[in-house]
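Trainee: Attaching a single structure in structure tokens format; questions to follow.
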Amino acid sequence: MSVDHDRVDHDGVREQTACRFPPGFVWGAATAAFQVEGATTADGRTDSVWDAFARQPGAVVGGDTGEPAADHYRRFADDVDLMRQLGLGAYRFSLAWPRIRPDGGAPNPAGLAFYDQLVDSLLEAGIQPWATLYHWDLPQTLELDGGWANRATAFKFAEYAETVVSRLGDRVATWSTLNEPWCAAMLGYASGVHAPGRTEPAAAVAAAHHLLLGHGLAMDVIRRHAPETPAGVTLNLYDVEPADPDSPGDVEAARRIDGLQNRLYVDPLLRGAYPEDLVADLAPFGLSDVVRDGDAETIAAPLDWLGVNYYRGYRVSGAPQLGSEPAGAEWVGARDVQFIRDATAPRTESGWEVQPAGLTETLLRLHRDYPRLPLYVTENGAAYPDVVRDDGAIADTDRIAFLSSHLRAANDAIQAGVDLRGYFYWSLLDNFEWAEGYAKRFGLIHVDYRTQRRTPKHSAHWYSQVIAANGWD
Ligand code: IFM
């Protein structure tokens, strides 16, 4: 299929200028184990928090569960072949802790064998395996012991990391410890919209710290077993700005949200300490109580790269106003903060404003603050109501527009001097979108969940052409 790049700009403005990426730029797509694998009881896998959570009535839209997902566990060879046909340079996937150490217990050879095969088939296809150790599927047994609110879970995570890295460390191209600890901690333990569904703010703050501690411990494991392999961590970062920069209330709201979404993770990882303003904000939820001597040094283990997952920015205010909605951070004390929605901005099916400029800003800020740190966009993508035409094609021009505008935004950052080394579209395949179930489709490749038939959407063909040309003219 041939796609006219000049027709893809979502504002109706023609993309007329060339957009070229540096040689060696990594072009990839991402998935996560629970979202694509299915086969939740195969070969010794036991429940994760998401299996247990999804069974609770009302927890997930439509009562959807981790079955069948995209049945990637059984169809991975075909999926790798599709990746090869698209010309992907890298595949970012996560490993399922409850497959590898079911119930958080002893290693499971069958679970490890699956990832052995996946990694080998990627390498045979000339695709770099980018492995993430944790993308939210904590073994349910460990949740029953307190989950991430329990400090011991960080050490269990290091044990699991040891099993994985000692087995695959000779072949994985790049290691990531955690995906989006904000979601695992805050959505899992404070708002309760994600597994394990707890609504205990102090547990969420403890979980955030223990996830970071687990990251630091896992970095040490990676350095011991795969000293030559680049290792990093992936955060969901947001460009946060006050609705009115002259309003002290809005500026304070922006400080607060930037703190909770971004600095709570970036600062301990890269500066070696939690920001003082957040330590004060989170004092009622016991942040200082869970930090022990030596934790800061463990968490600040040097990174080879940082992964940025970017979906949208936030305009925030300290007061409710027309078109605003609660920022959600009331779980951890930011009761009055409101997100100001832009009624005129295009939105994805998730309701998120399309704000590519926020990606440039996010990358520029990181580069200003940490100029020597290589960056990757490890996730960026959009759900749209894809329609399968009578001829079977999925002409997802809205997704192509999203993708092209964000690639251009990433390119703007590179032109401004940011050391951005790669981009991973979220997601390779349609998949289980957590509490939204299968209703939201983010994939470059459409999945018919009944037949498991795969159909590359027009966006997949478009992306494939961009990869082949390292940009567009
Ligand atoms: O599907 C998720 C993914 O698991 C983590 N980052 C955001 C994606 C879209 O919501």
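Trainee: Please determine, by comparing only the residues of segment 168-186 that are surrounded by fewer than 22 Cβ atoms within 10 Å (Cβ to Cβ) and without any contact (Cβ under 8 Å) to a residue 60 or more places away in the chain, which one is nearest to residue 208 (Cα to Cα).
Mentor: The extreme case among them is 183.
Trainee: Out of segment 433-444, which residues are near the ligand (Cβ under 8 Å from one of its atoms) and surrounded by 24 or more Cβ atoms within 10 Å (Cβ to Cβ)?
Mentor: 442
Trainee: Continuing with the same structure: Of the residues that make up segment 377-394, is at least one among the hydroxyl-bearing types (Ser, Thr, Tyr), within 16 Å of the ligand (Cβ to nearest atom) and in contact with a helix residue (DSSP H, G or I) (Cβ under 7 Å, 6 or more places away or on another chain)?
Mentor: yes
Trainee: Same structure, new question: Give me the pairs: first residue in segment 335-361 and touching a residue at least 12 places away in the same chain (Cβ under 8 Å) and closer than 19 Å to residue 407 by Cβ, second residue outside any strand (DSSP E or B) and polar (S, T, N, Q), beta-carbon distance under 6 Å, and six or more apart or on different chains, which are they?
Mentor: 356/405
Trainee: Kindly provide the set of residues from segment 341-358 that are at pLDDT below 95 and in contact with a Ser or Thr (Cβ under 9 Å, 6 or more places away or on another chain), ordered by number.
Mentor: Hit for segment 341-358 is 341, nothing else.
Trainee: Can you give me the number of residues within segment 445-468 that are charged (D, E, K, R) and either within 15 Å of the ligand (Cβ to nearest atom) or assigned to a strand (DSSP E or B) (or both)?
Mentor: 1
Trainee: Going through 298, 378, 362 one at a time, which residue ends up being part of a strand (DSSP E or B) and among the hydroxyl-bearing types (Ser, Thr, Tyr)? Quick ask: steps written out before the conclusion?
Mentor: On the way: 298 fails: part of a strand (DSSP E or B); 362 fails: part of a strand (DSSP E or B).
On inspection, the qualifying residue turns out to be 378.
Trainee: On to the next question. Give segment 381-403 a look and list any residue that's under 19 Å from the mean Cα position of the chain (by Cα) and assigned to a loop (DSSP other than H, G, I, E, B), or say none. Reasoning before the result, please.
Mentor: Of segment 381-403, the ones under 19 Å from the mean Cα position of the chain (by Cα) are 381-384, 399, 402-403.
If the condition is that a residue be under 19 Å from the mean Cα position of the chain (by Cα) and assigned to a loop (DSSP other than H, G, I, E, B), then 381, 382, 383, 384 are the ones that fit.
Trainee: Among all residue pairs at least 6 apart or on different chains, which show Cβ distances below 8 Å where the first residue, located in segment 404-427, is farther than 22 Å from residue 445 by Cα and in a strand (DSSP E or B) and the second is of a type in the set (A, V, I, L, M, F, W, C) and within 16 Å of the ligand (Cβ to nearest atom)?
Mentor: 420/377
Trainee: Determine whether residue 138 is within 16 Å of the ligand (Cβ to nearest atom) and either on the phi > 0 side of the Ramachandran plot or touching a His at 6+ places or on another chain (Cβ under 7 Å) (or both). Lay out the reasoning, then the answer.
Mentor: Working: within 16 Å of the ligand (Cβ to nearest atom): yes; either on the phi > 0 side of the Ramachandran plot or touching a His at 6+ places or on another chain (Cβ under 7 Å) (or both): no.
Here the answer is no, as residue 138 does not meet what is asked.
Trainee: Does residue 127 count as buried (at least 24 other Cβ atoms within 10 Å of the Cβ) and away from the ligand (no atom under 16 Å from the Cβ)?
Mentor: no
Trainee: Give just the number: which of (1) crowded, with 23+ Cβ neighbours inside 10 Å; (2) over 18 Å from residue 238 (Cα atoms); (3) of a type outside the set (A, V, I, L, M) does residue 426 not satisfy?
Mentor: Just one mismatch for residue 426, condition (2).
Trainee: Another question about this same structure. Being in contact with a Leu (Cβ under 6 Å, 6 or more places away or on another chain), buried (at least 16 other Cβ atoms within 10 Å of the Cβ) and closer than 28 Å to residue 296 by Cα, is that true of even one residue in segment 104-124?
Mentor: yes
Trainee: If we keep just the residues of segment 396-432 that are in contact with a Lys or Arg (Cβ under 7 Å, 6 or more places away or on another chain) and over 21 Å from residue 20 (Cα atoms), which is nearest to the ligand (Cβ to nearest atom)?
Mentor: 430
Trainee: Moving on. Take the residues of segment 254-286 that are touching a residue at least 24 places away in the same chain (Cβ under 8 Å), within 13 Å of residue 332 (Cα to Cα) and not in a loop (DSSP other than H, G, I, E, B): which is nearest to the chain's Cα centre (by Cα)?
Mentor: 261
Trainee: Are there any pairs, at least 6 apart or on different chains, whose C-beta atoms fall under 7 Å, with the first in segment 22-40 and within 16 Å of the ligand (Cβ to nearest atom) and the second of a type in the set (Ser, Thr, Tyr) and not in a strand (DSSP E or B), and if so, which?
Mentor: 29/427; 30/427; 31/427; 37/73; 38/73
Trainee: If you go through segment 331-356 one residue at a time, how many are more than 19 Å from the chain's Cα centre (by Cα) and under 24 Å from residue 398 (Cβ atoms)?
Mentor: Of the residues in that region, 9 qualify.
Trainee: Out of the residues in segment 232-259 that are touching a helix residue (DSSP H, G or I) at 6+ places or on another chain (Cβ under 7 Å), of a type in the set (A, V, I, L, M) and over 16 Å from residue 309 (Cα atoms), state the one that is surrounded by the fewest Cβ atoms within 10 Å (Cβ to Cβ).
Mentor: Result: 243.
Trainee: Go through 467, 400 for me and flag whichever is of a type in the set (Val, Ile, Thr) and buried (at least 23 other Cβ atoms within 10 Å of the Cβ).
Mentor: Numbers: 467 fails: buried (at least 23 other Cβ atoms within 10 Å of the Cβ).
So the residue among 467, 400 that is of a type in the set (Val, Ile, Thr) and buried (at least 23 other Cβ atoms within 10 Å of the Cβ) is 400.
Trainee: Can residue 274 be described as within 22 Å of residue 409 (Cβ to Cβ), at pLDDT 95 or above and either buried (at least 18 other Cβ atoms within 10 Å of the Cβ) or among the small types (Gly, Ala, Ser) (or both)?
Mentor: no
The values are calculated or read from the model by the stated rules, or taken from the named source; none is laboratory data. Every value quoted in this text rests on a predicted model; they were computed, and no experiment measured them. Cβ sites come from the backbone with ideal geometry, for glycine too, and all protein chains shown count toward neighbours.
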